[in-house]
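Structure record follows, encoded as structure tokens.
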Amino acid sequence: MIDYHLHGNFCGHATGDLAEYVEEAIAKGFREIGFSDHLPKVVDPDPYHAMLEKDLPRYVEKVLALQKANRGRITIKLGIEADYFVGHESETKRLLDSYPFDYVLGALHFLGDWHFTSKQGLARYESEDPAEAFPKYFEMLKRMISTGLFDVVAHPDALRRGAFLPVRPMEKEHREVASLLKGKGMAIELNTAGIRRGAGSVYPDRGFLAACVAEGVPVTLGSDAHAPADVGRDFEAGLDLLGDLGVTEVATYERRRLTEVSIGAWLDNA
Ligand SMILES: [Zn+2]
Ligand SMILES: [Zn+2]
């Protein structure tokens with residue numbers, strides 16, 4: 001199996017050396033993993049959220065060194081998780097073009113000045129109105145996809161929490177996102193962190209994922225591990241859902257080119 005969403009101690013909110021994630025993945029039978037640490041923020045750099053730009057070359061070197069050192073044991077891809085900030089597309093592109101990334105996860109962690117995925121941002125769920133927040137979130141998501149800067153949408157509905165849910169069905173938005181992803185040749189991430197972070201199910205939810213699958217959008221898999229022990233966490237639930245929706249392949253990347261691999265092939269040889 002693959003896990004394409006792994007962090008590590010390059011940012012302030014994750015723990016563990018990248019080498020520890022590799023050992024954990026091997027011990028759990030993974031055949032391919034990808035690191036996707038947070039790209040330096042192009043607005044308000046913040047070492048808690050993402051490594052600073054001066055550390056990016058060291059991150060790339062470290063992943064490439066691990067890739068080489070573990071050849072024959074496990075395949076390691078050089079990924080990155082990039083925030084989308086409206087109006088800062090060219091700075092983002094400059095950073096992404098400077099390194100030989102295998103894939104780029106595009107992600108929303110901020111809605112205006114609300115860092116909704118952070119521990120500090122949790123309290124604000126109390127005072128935010130889902131009737132306004134979800135439409136705004138989906139607008140941002142569509143803009144992000146339209147930039148063409150990213151290969152995969154990470155945790156596609158991470159705004160969702162236990163009690164914070166859209167007040168109306170988001171089917172239209174799901175279909176629009178699915179169609180944009182298809183048009184851009186992008187994949188959607190099935191991110192199992194939703195289970196342990198209060199959403200109660202994987203990101204995206206079943207309806208959103210089904211809309212993407214119906215449109216023929218490829219799917220990647222990620223645990224969003226911020227500690228080595230979380231590599232591959234809750235993948236059974238993710239694979240069950242993919243099975244239910246009739247998905248038989250997962251998307252892998254090399255130098256930003258997508259190849260779909262049969263899930264059966266991963267499982268048989270895992
Ligand atoms: Zn993170
Ligand atoms: Zn993220």
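The residue that is surrounded by the fewest Cβ atoms within 10 Å (Cβ to Cβ), among those in the stretch 212-230 that are within 16 Å of ligand 1 (Cβ to nearest atom) and in contact (Cβ under 8 Å) with a residue 60 or more places away in the chain, is 229.
Among the residues of the stretch 137-150, the ones that are touching a Gly at 6+ places or on another chain (Cβ under 8 Å) and of a type outside the set (Val, Ile, Thr) come to 3 in all. For the stretch 2-28, the set of residues classified as aliphatic (A, V, I, L, M) and either under 16 Å from the mean Cα position of the chain (by Cα) or at pLDDT below 95 (or both) consists of 2, 6, 14, listed by residue number. Of everything in the stretch 123-172, what is in contact (Cβ under 8 Å) with a residue 40 or more places away in the chain, surrounded by fewer than 15 Cβ atoms within 10 Å (Cβ to Cβ) and either within 16 Å of ligand 1 (Cβ to nearest atom) or part of a loop (DSSP other than H, G, I, E, B) (or both)? Give them in sequence order. The one that is in contact (Cβ under 8 Å) with a residue 40 or more places away in the chain, surrounded by fewer than 15 Cβ atoms within 10 Å (Cβ to Cβ) and either within 16 Å of ligand 1 (Cβ to nearest atom) or part of a loop (DSSP other than H, G, I, E, B) (or both): 147.
Do the conditions hold for residue 118, that is, is it closer than 22 Å to residue 4 by Cα, surrounded by fewer than 16 Cβ atoms within 10 Å (Cβ to Cβ) and within 16 Å of ligand 2 (Cβ to nearest atom)?
It is true that residue 118 is closer than 22 Å to residue 4 by Cα, surrounded by fewer than 16 Cβ atoms within 10 Å (Cβ to Cβ) and within 16 Å of ligand 2 (Cβ to nearest atom).
Whenever a residue of the stretch 1-30 is of a type in the set (A, V, I, L, M), its partners that are surrounded by 19 or more Cβ atoms within 10 Å (Cβ to Cβ) and at pLDDT below 95, lying with C-beta atoms within less than 7 angstrom and at least six residues away or across chains, give the pairs 1/266; 2/266. For the stretch 189-203, check the following and say yes or no: at least one residue is among the aliphatic types (A, V, I, L, M), more than 19 Å from residue 82 (Cβ to Cβ) and in a loop (DSSP other than H, G, I, E, B). So far as the stretch 189-203 goes, yes, one or more of its residues are among the aliphatic types (A, V, I, L, M), more than 19 Å from residue 82 (Cβ to Cβ) and in a loop (DSSP other than H, G, I, E, B). Filtering 118, 179, 98 for residues that are closer than 27 Å to residue 78 by Cα and modelled with pLDDT of 95 or more leaves a single hit, 98.
Within the stretch 178-205, restricting attention to residues that are without any contact (Cβ under 8 Å) to a residue 40 or more places away in the chain and farther than 27 Å from residue 119 by Cβ, the residue that is nearest to the chain's Cα centre (by Cα) is 181.
Name the residues in the stretch 1-44 that are among the polar types (S, T, N, Q) and buried (at least 22 other Cβ atoms within 10 Å of the Cβ), would you?
36
The values are calculated or read from the model by the stated rules, or taken from the named source; none is laboratory data. In this text, all values refer to a predicted model and were calculated from it rather than measured experimentally. Glycine also receives a Cβ, built like all others from the backbone with ideal geometry; neighbour counts cover every protein chain displayed.
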